[in-house]
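Worksheet for the structure shown next.
The values are calculated or read from the model by the stated rules, or taken from the named source; none is laboratory data. Just so it is clear, the structure is predicted and the values come from calculations on it, not from any experiment. Note that we place each Cβ from the backbone using ideal geometry, even for glycine, and neighbour counts take in every protein chain shown.
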Amino acid sequence: MTAPQAAAREGSAAASTRILTGNQAAAYGAYLSQVQVVSAYPITPQTTVIETLAELYRDAPWPSRFVNVESEHSAMAACIGASMAGARAFTATSSQGLALMHELLHWASAQRLPLVMVNVNRALAPGWNIWTDQNDSLSQRDTGWMQLYCESNQEALDTVIQAYRVAEQVQIPIMVVLDAFVLSHTAEAVSLPSPEMVRAFLPPRDPPFRLDVEEPHAFGGLLTPDHYQEVRAKLHRGMEDAIPIWGEAERSWEAFTGRAYDAVVPYRTEDAEMVLVASATVASTARDVIDALRARGKKVGLLRVRLFRPTPHDALRLALRGIPRVAVIDRNISYGHHGIFFQEIKSALYDLPARERPGMFGYVTGLGGRDVTRGVILDAVGRTLSRDRAEPETVWIGRKE
C-alpha cells in the first residue's frame, strides 16, 4: 500500500454508512468525485439521480455548475462543452433519453472526452414501459463508450468514482449501468468513502487538451480520408488498452476500501461442468440458484460479466475454456440474431481450440421488467443440462404462452 493510500485509509473514519437507493448511490459517487459540471434532464427511472445531485450541489465547496437543460441531447452537449473546457462533467439518463443522445455519444468518444454517465436501464418504447431491460444501453455498444453493469448499490457508487479515474487516464467516456427499480429505487446499506480517501484515489483532472482563449486551437474540424481511419484506430486501441488500466484501478480501490471488482466475476466455477453467464442484478438471483444446485450435487457455476466494453476477451476465455456447457442469460435481444451478451461471448470464445470451446446455449428473458426469478434461471439450467446441442441456439424463457 502506498503512503497516500495508507493516509487515506487512516482518515477513512470520516466515512459513513447510509441507506441509499441505487440512484442516490450513483449521485453520491459523482459528488464524491468532485464533478464540476452536472448537466441535468430528468427521465424516469433516472430522475432521482439528478434530484439527489441538485440537493448536494447547493452546498458544494468547490467551483461547480448545475445546468438545467431542455432535453437529453442538450444534456450531453453541455457535458461535451464542459469537458472540452477542462471540467469534470457528469449526467444521467435512461431509455428514450439515451437514444436521443445517440448522435452526441459519437462526438464525445471520438473527441476523447472522459465523461461519465449513469444509464438506468429501461425498456425502449413502443409500447411505453418504465421497467428494466438492457436494450437501451446495449444499442449504444458501438459508440465508443466503455460500459459497466452494476449488481448492487455499493457497486454503483464505487464504479462511478473508478470510472473517472480510468476515463481520465485513457481519455474515453464511460457509461455506468444500473437496473431500473431493482437497483435504482431499492434501498440498501452503502458505505460512503471519505472525501479524503476519494481525493487520494482520484486526483484532479489534468486534461491534455482543452478550449482556452489564451491558446486557441480548432476542434471537430473536417477529417479527410487520409486521416479518419487512423483516428478511429487510436480510439479502438485506447479501448483495448483500458482493460489493464481498469485492473489497476480496481486493485487500487481494493487497497483503499477493501472492496474488489473485476471485469468478469466467477463464482463456484473451479470444477463446474456447466457455467451460467449473467450480468447486473440477474447475477444475484443466479448466485442463489447456483448454491441450491450445488447442495444437490450439481456441478454448476456462475460468471458475472461486469465490463462489457471493451470486451474482456482474455478474462472470458480464461474463465470459460474447457467448460462443457455455457448458458448465457440475456435481458436484451438483437432482433433477428441472438441475445447480445450471448453473441459477444460466442465471438470471444471462437478462437479456442475445438476441444476447449464450450457448447453455447442462449436464453432471452426479463424484457420490459418481467421478473427473472429462481424458477426462470432453473429452467435455463435444466434446458442446458438436458440438451447435447443448442438447437435452437437462442430460447425465449419466462414467456406467457
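As a summary of the residue check, ARG304 satisfies the conditions (1) in the same structural domain as PRO358 (by TED's automatic domain parsing); (2) farther than 30 Å from ALA200 by Cβ; (3) not in a loop (DSSP other than H, G, I, E, B) except for the one numbered (2). Scanning region 277-293 for residues that are within 21 Å of SER191 (Cα to Cα) and surrounded by 20 or more Cβ atoms within 10 Å (Cβ to Cβ), we see that the one that is farthest from the chain's Cα centre (by Cα) is THR281.
Looking across region 344-401, the residues that are among the small types (Gly, Ala, Ser) and in a loop (DSSP other than H, G, I, E, B) come down to GLY366, ALA390, GLY398. Evaluated against (1) over 18 Å from VAL177 (Cα atoms); (2) modelled with pLDDT of 95 or more, ASP59 falls short on exactly one condition, (2).
Quick grid of which residues meet (1) surrounded by 20 or more Cβ atoms within 10 Å (Cβ to Cβ); (2) among the aliphatic types (A, V, I, L, M); (3) assigned by TED's automatic domain parsing to the domain that holds LEU192:
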position	(1), (2), (3)
ALA25	yes, yes, yes
VAL35	yes, yes, yes
PRO45	yes, no, yes
ALA60	no, yes, yes
ASN68	no, no, yes
ALA75	yes, yes, yes
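Reported count of residues in region 164-217, each being within 20 Å of the chain's Cα centre (by Cα) and of a type in the set (Gly, Ala, Ser), is 5. Residues that are of a type in the set (Gly, Ala, Ser), farther than 24 Å from ILE243 by Cα and surrounded by fewer than 24 Cβ atoms within 10 Å (Cβ to Cβ) within region 321-343 comprise SER334, GLY336, listed in sequence order.
Checking each residue in region 237-291 for being over 22 Å from ALA180 (Cβ atoms) and acidic (Asp, Glu) picks out GLU240, ASP241, GLU248, GLU250, GLU254, ASP262, GLU270, ASP271, GLU273, ASP291. Taking (1) touching a helix residue (DSSP H, G or I) at 6+ places or on another chain (Cβ under 9 Å); (2) modelled with pLDDT of 95 or more in turn, ALA82 satisfies each apart from (1). Counting only residues that are in a loop (DSSP other than H, G, I, E, B) and crowded, with 16+ Cβ neighbours inside 10 Å, region 263-276 holds 4 of them. Do we find that LEU318 is touching a strand residue (DSSP E or B) at 6+ places or on another chain (Cβ under 9 Å), assigned to a helix (DSSP H, G or I), at pLDDT 95 or above and surrounded by fewer than 13 Cβ atoms within 10 Å (Cβ to Cβ) in this structure? Yes: the conditions hold for LEU318.
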